[in-house]
Amino acid sequence: MSHHLEMRTGDLRTVVRLLTAVEPTPEQQRMLGIVRERCEETDARFREDGRDGDLPVRQALDELLAGDFSREADPAYRHAFHALVACHFSDPTDLGWWRRLSWFSQVDDELAGLGVPSELRPSSFLFGGTPVPMPHPGDITPSTGVLPAARAAAVADAYEAVLPRLTGECAQTVGPLAKALRFEAEEWEGVQGLELGQTPDTIFFWCG
């Protein structure tokens, strides 16, 4: 089984406000309608693939919004949260396919040997979990993680500094990550001082 990794950037506060709204505004109601449709599409795709679970993603979304969970562990909650993020964040950036996610532990180890701090290594933000409390997915995937956009430059700097000393396969993993995060760092710098309705302050990672 292969795992696909992607990232999006957006204003996390818009998602948190939606999850915590007592009386959603008309715009929030409109966005919730889009999110519900996305969850229903995910459920339909799972049924077609023969991998639908006991808890529909559409129901998991309602439980997320209510803050009242019927399961202690279920991947449906992560899929529902992904739908929330996807409807409010940027289009996804493709970070590639991986046959085994344990590979990133080896990347972490090689970067550690070159002095890259733990908080800048891939596993710390690629698979660090959701920024809001919810039940565990119950399996290694889907996996989520977040990185503040303000920290993207520090990660890119660290990776670019050691890239020439990495082994071939590790360099092939770290190089594209460094390039993607350098772009996000420059985008973040570009919006500083601008008066925007939303601030793309969070990079969200999804591995399904």
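Of note:
- Residue tally, condition touching a residue at least 40 places away in the same chain (Cβ under 8 Å) and in contact with a helix residue (DSSP H, G or I) (Cβ under 8 Å, 6 or more places away or on another chain), over the range 122-154: 19
- Among residues of the range 190-208 that are farther than 18 Å from ALA80 by Cα and modelled with pLDDT under 80, those with a Cβ under 9 angstrom from a residue that is open to solvent by 50 Å² or more (accessible area, probe 1.4 Å) and not aromatic (Phe, Trp, Tyr), sequence gap 6+ or separate chain, pair up as GLN198/ARG13.
- None of ARG36, ARG78, ARG51, ARG30 is basic (Lys, Arg) and over 23 Å from THR141 (Cα atoms) except ARG30.
Yes or no, residue by residue, for (1) surrounded by fewer than 16 Cβ atoms within 10 Å (Cβ to Cβ); (2) under 22 Å from SER90 (Cα atoms):
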residue: PRO117; (1), (2): yes, no
residue: GLY128; (1), (2): yes, yes
residue: THR144; (1), (2): no, yes
residue: ALA152; (1), (2): no, yes
residue: ALA156; (1), (2): no, yes
residue: LEU166; (1), (2): no, no
residue: GLU187; (1), (2): yes, yes
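- So HIS82, is it crowded, with 19+ Cβ neighbours inside 10 Å and part of a loop (DSSP other than H, G, I, E, B): no
- Number of the exception - THR173 against (1) under 19 Å from ALA86 (Cα atoms); (2) of a type in the set (Ser, Thr, Tyr); (3) touching a residue at least 60 places away in the same chain (Cβ under 8 Å): (1)
- A single member of ALA83, ALA44 is closer than 20 Å to ARG30 by Cα and of a type in the set (A, V, I, L, M, F, W, C), and it is ALA83.
- Reported count of residues in the range 1-46, each being in contact with a helix residue (DSSP H, G or I) (Cβ under 6 Å, 6 or more places away or on another chain) and open to solvent by 60 Å² or more (accessible area, probe 1.4 Å), is 2.
- Checking the range 106-114 against the condition returns no match, with no residue being more than 22 Å from GLY10 (Cβ to Cβ), open to solvent by 20 Å² or more (accessible area, probe 1.4 Å) and among the β-branched types (Val, Ile, Thr).
- Looking only at the range 51-67, and only at residues there that are more than 17 Å from PRO131 (Cα to Cα) and among the acidic types (Asp, Glu), the one that is surrounded by the fewest Cβ atoms within 10 Å (Cβ to Cβ): ASP54
- When GLY10, GLY50 are screened for being small (Gly, Ala, Ser) and in contact (Cβ under 8 Å) with a residue 40 or more places away in the chain, only GLY10 passes.
- Residues that are within 21 Å of ALA21 (Cβ to Cβ) and of a type in the set (A, V, I, L, M, F, W, C), drawn from the range 34-75: ILE34, VAL35, CYS39, VAL57, ALA60, LEU61, LEU64, LEU65, ALA66, PHE69
- Pairs where the first residue, in the range 90-111, is polar (S, T, N, Q) and the second is open to solvent by 100 Å² or more (accessible area, probe 1.4 Å) and part of a helix (DSSP H, G or I), C-beta under 9 Å, 6+ apart: THR93/PHE183; GLN106/GLU169
The values are calculated or read from the model by the stated rules, or taken from the named source; none is laboratory data. In this text the structure is predicted, and so the values were computed from the model without any measurement. All Cβ positions, even for glycine, are placed from backbone atoms using ideal geometry, and neighbour counts span all protein chains on display. What goes into the accessible areas is simple: the full protein's heavy atoms, side chains included, and nothing from ligands, DNA or RNA. Shrake-Rupley method; radii C 1.70, N 1.55, O 1.52, S 1.80 Å.
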